[in-house]
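Here is the structure we will look at.
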Amino acid sequence: MTVTTTSPKQLFDLSQSGKDIELIDVRTPVEYREVHVTFARNVPLDQLDIAKLMAGRDPAQPLYVICRSGSRGKQACEKFLATGITNVVNVEGGTQAWDQAGLPVVRGKKAISLERQVRIAAGLLVLTGSLLGAFVSPYWIGLAAFVGAGLVFAGITDTCGMGMLLARMPWNQVSSTPSSSSTCPPSSTKSCCG
């Protein structure tokens, strides 16, 4: 079964029609804090508990999913489909497309996106393996080869182990104190995520 999609404009228009919309944002709490759709609720992909999320929900009501650019949202939708829940819709282009369309968002503290963190980490590992292989021992070239193989695997499967690992790092978490909650009230129009 294929993932159903909607455009940011279509979802925004639907939200303005008075319909009750549930939109979950599957990015890391830090990415969510930086910028998110005003009525989105943060449920990070690595913490997605479908049974808990669906408890008490009307299965006939669609559940909308958004991420940064659409890839993690698609992965979340596929998880729902795998459990037999078919009324899930991915927002095309994610929060980036929503923001670029000029639709309302909540802005908070700036952060480096998870995708950029993966590129930085992979680049550093390849550079380190190459330099150590050239100047210390040729066996270090294996580090660069391992990272390259991981990137090929990530491209083929559309899953990234390094991204999942980085998402759990402390700098990608938001403290759960009341002043810097990882989720904002759906009706919030100002930055409440510090």
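From the set of residues in region 41-69 that are free of Cβ contacts under 8 Å to residues at least 40 places away in the same chain and of a type in the set (A, V, I, L, M), which is surrounded by the most Cβ atoms within 10 Å (Cβ to Cβ)?
V43
Can you tell me which residue within region 101-131, out of those that are in contact (Cβ under 8 Å) with a residue 24 or more places away in the chain and among the charged types (D, E, K, R), is farthest from E34 (Cα to Cα)?
Step by step, filter region 101-131, then rank; the result is E115.
Please work out which residue is surrounded by the most Cβ atoms within 10 Å (Cβ to Cβ), limiting yourself to region 83-100 and to residues that are hydroxyl-bearing (S, T, Y) and assigned to a loop (DSSP other than H, G, I, E, B).
T86
If a residue has to be free of Cβ contacts under 8 Å to residues at least 12 places away in the same chain, under 17 Å from L125 (Cβ atoms) and in a helix (DSSP H, G or I) to count, how many in region 155-175 make the cut?
3
Being surrounded by 19 or more Cβ atoms within 10 Å (Cβ to Cβ), of a type outside the set (V, I, T), at pLDDT 90 or above and not in a loop (DSSP other than H, G, I, E, B) narrows it down to one residue among R72, R27; which is it?
R72
Residues that are more than 26 Å from S175 (Cβ to Cβ) and in contact with an Asp or Glu (Cβ under 9 Å, 6 or more places away or on another chain): does region 40-58 have at least one?
Yes: region 40-58 contains one or more residues that are more than 26 Å from S175 (Cβ to Cβ) and in contact with an Asp or Glu (Cβ under 9 Å, 6 or more places away or on another chain).
Taking the options D13, D58, name whichever one is assigned to a loop (DSSP other than H, G, I, E, B), more than 25 Å from L114 (Cβ to Cβ) and of a type in the set (D, E, K, R).
Answer to the selection: D58.
When you scan region 148-167, do you find a residue that is surrounded by 17 or more Cβ atoms within 10 Å (Cβ to Cβ) and more than 18 Å from the chain's Cα centre (by Cα), even just one?
Taking every residue of region 148-167 in turn, none turns out to be surrounded by 17 or more Cβ atoms within 10 Å (Cβ to Cβ) and more than 18 Å from the chain's Cα centre (by Cα).
Looking at L103, L124, can you tell me which residue is modelled with pLDDT of 95 or more and either among the acidic types (D, E) or in a loop (DSSP other than H, G, I, E, B) (or both)?
Going through L103, L124 in turn, just one is modelled with pLDDT of 95 or more and either among the acidic types (D, E) or in a loop (DSSP other than H, G, I, E, B) (or both): L103.
The values are calculated or read from the model by the stated rules, or taken from the named source; none is laboratory data. Quantities reported herein were computed from a predicted structural model and do not represent experimental measurements. Ideal geometry is used to build each Cβ from the backbone, glycine not excepted, and the neighbour counts take in all protein chains shown.
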